[in-house]
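Below: the structure, in structure tokens.
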Amino acid sequence: MARVEAFKGDAAAIKLERFQMQEVPDGFTERHLADTRYNSRLAADYLALLFGGRDDASGTKRVETRPGMLTDRLRKTWHIHGLKKRGINHLHHAVDAVVVALTDQGTVSQLSREAARQNATNRQHVAIDMPWEGFAEEVREKLENIIVSHRPNRRLAGPLHAETIYSKSHGSVKGKEVRHIRKPLHKLSKADIRSDEKIVDPAVRDSVRQKWEALGGGEPAQVFAEPANHPYMKSNSKKKSKDGQDRAIPIHKVRVRINDSIKTVGEAHRLRHVASGKNTNHHTVIVARRTPRGEKWRDEPVSRLEAHRRLRDKKSVVQLQWGPGEQAVMVLYKGDAIEMDTLDGKRTIYIVQSVSKRDIMLKRHDDARLKKDIPRSEGQDRRITSADTFRKRKARKVTISPLGKVSPEGIPDASPHP
């Protein structure tokens, strides 16, 4: 709401009015329900192409659709509604599929009669026969054995580096070059403000620190959220403001010293200094090394930028040859499947969510939650901070077919993946 209120122009006013709307417009629900039904009809017509129409030559109906309201009622009536929660577990799709597969016209008619009887007797429960004895228990058992298939992302398309552009080198500290970047005040940390080395300009640093302390010294993201709270510096100009006061320059961004690993891309006027960013890695190679104390595994992530350079130089995108006594055991992409032991010793399938150096994020194959919705308490099970954890948990890379069949996957060839 705050962002929309800051928009300018007539279109912004209309958008703000929509955001502030307190009531659902007339016909909104009905229109969207009709859209859903229309989409269902289109899907059925498309699927019917496989069978020569919804009804075949003999008049047998080949493709049918079922209303979502009917499916919901049957899930509850057959006591399978709560087996898997939507948005949390992918297997709720399987629950719906079971209901649809077991719903024929006779079931629809029986449910309609029971619903009418319910309204007549003012009862809250619709009595309808279970498909067979022990149905709910069997569905629960089958769900536990379903493996959800995910599509790995092996394409090179995507961000090559973080959006931040770094300055030229300003010396080095501990073998890493020092560079400058511009940071908004609300993105500074408390350590950035307290340090005498982070903010480059000493006068700017003093102004920011004084204003921050005057406002209570809290989190900069909150203290400097509003531009009205930003500090000012006196201008060296001899010109005065309209009220005769010295001109003041607001400070919204500052130059900060950064000691990161930087890469140079482009040439001539396109040359820029960048760093790896979120979702910029293409894959990681898990390498096994023999040592006097036994085998150890490590990870070797490859950025998209490096993968593009290898492709440009007509080299293999995936490096499989390593040093003496070393061997690549797995090549992991986002979306790949890994079978390994859980923390309590059971065996299950995990899906790769992201890859970084000594930080590989996983989630279980049936987990439908977004990364931000998964509690930190589950980190020990799904966050791999040492590739040797894969070895200890007896990990192996597997392929899951669209029907859920699990097969071991060996080391792929090193051909490029455009």
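Take the residues of region 315-343 that are acidic (Asp, Glu) and under 27 Å from the mean Cα position of the chain (by Cα): which is surrounded by the fewest Cβ atoms within 10 Å (Cβ to Cβ)? If you could, list the steps in order and put the result at the bottom.
Residues of region 315-343 acidic (Asp, Glu): 326, 336, 339, 341.
Narrowing the set further to residues that are under 27 Å from the mean Cα position of the chain (by Cα) leaves 336, 339, 341.
Values: 336: 25, 339: 20, 341: 13.
The selected residue is 341.
Considering each residue of region 372-386, count those that are under 14 Å from the mean Cα position of the chain (by Cα) and within 23 Å of residue 144 (Cα to Cα), and give that number. Before the answer, list the steps.
First, pick out the residues of region 372-386 that are under 14 Å from the mean Cα position of the chain (by Cα): 372-374.
Filter once more, so that each one left must be within 23 Å of residue 144 (Cα to Cα): 373-374.
Matching residues across region 372-386 total 2.
Within region 287-323, which residues are closer than 14 Å to residue 354 by Cα and of a type in the set (A, V, I, L, M)? Full working, then the answer.
Residues of region 287-323 closer than 14 Å to residue 354 by Cα: 299-304.
Of everything in region 287-323, just one residue is closer than 14 Å to residue 354 by Cα and of a type in the set (A, V, I, L, M), namely 302.
Here are 358, 391: which of them is under 13 Å from residue 286 (Cα atoms), modelled with pLDDT of 95 or more and not acidic (Asp, Glu)? Show your work before the answer.
Working: 358 fails: modelled with pLDDT of 95 or more.
Of 358, 391, the one residue that is under 13 Å from residue 286 (Cα atoms), modelled with pLDDT of 95 or more and not acidic (Asp, Glu) is 391.
Going by the conditions given, is residue 117 assigned to a helix (DSSP H, G or I) and assigned by TED's automatic domain parsing to the domain that holds residue 76?
Values: assigned to a helix (DSSP H, G or I): yes; assigned by TED's automatic domain parsing to the domain that holds residue 76: yes.
Yes.
Residue under question is residue 363, and the condition is that it be among the basic types (Lys, Arg) and buried (at least 18 other Cβ atoms within 10 Å of the Cβ); does it hold?
Details: among the basic types (Lys, Arg): yes; buried (at least 18 other Cβ atoms within 10 Å of the Cβ): yes.
Yes.
Inside region 374-400, can you point out the residues that are exposed (fewer than 11 other Cβ atoms within 10 Å of the Cβ) and in contact (Cβ under 8 Å) with a residue 40 or more places away in the chain?
394
Return yes or no: is residue 403 part of a loop (DSSP other than H, G, I, E, B), surrounded by fewer than 18 Cβ atoms within 10 Å (Cβ to Cβ) and touching a residue at least 40 places away in the same chain (Cβ under 8 Å)?
Details: part of a loop (DSSP other than H, G, I, E, B): yes; surrounded by fewer than 18 Cβ atoms within 10 Å (Cβ to Cβ): yes; touching a residue at least 40 places away in the same chain (Cβ under 8 Å): yes.
Yes: the conditions hold for residue 403.
I'd like to check something: does region 4-13 contain any residue that is in the same structural domain as residue 115 (by TED's automatic domain parsing) and modelled with pLDDT of 75 or more?
Within region 4-13, the first condition is being in the same structural domain as residue 115 (by TED's automatic domain parsing), and the residues that meet it are none.
Checking region 4-13: not a single residue is in the same structural domain as residue 115 (by TED's automatic domain parsing) and modelled with pLDDT of 75 or more.
From the list 289, 304, 298, 312, exactly one residue is of a type outside the set (Asp, Glu) and exposed (fewer than 13 other Cβ atoms within 10 Å of the Cβ). Which is it?
Numbers: 289 fails: exposed (fewer than 13 other Cβ atoms within 10 Å of the Cβ); 304 fails: exposed (fewer than 13 other Cβ atoms within 10 Å of the Cβ); 298 fails: exposed (fewer than 13 other Cβ atoms within 10 Å of the Cβ).
Sole residue among the options that is of a type outside the set (Asp, Glu) and exposed (fewer than 13 other Cβ atoms within 10 Å of the Cβ): 312.
Among (1) in contact with a Lys or Arg (Cβ under 9 Å, 6 or more places away or on another chain); (2) of a type in the set (A, V, I, L, M, F, W, C); (3) outside any strand (DSSP E or B), there is one condition residue 297 misses while meeting the rest; what is its number?
Failing condition for residue 297: (3).
The values are calculated or read from the model by the stated rules, or taken from the named source; none is laboratory data. Fair warning: this is a prediction, and the values are worked out from it, not measured in the lab. Virtual Cβ from ideal backbone geometry, glycine too; neighbours counted across all protein chains shown.
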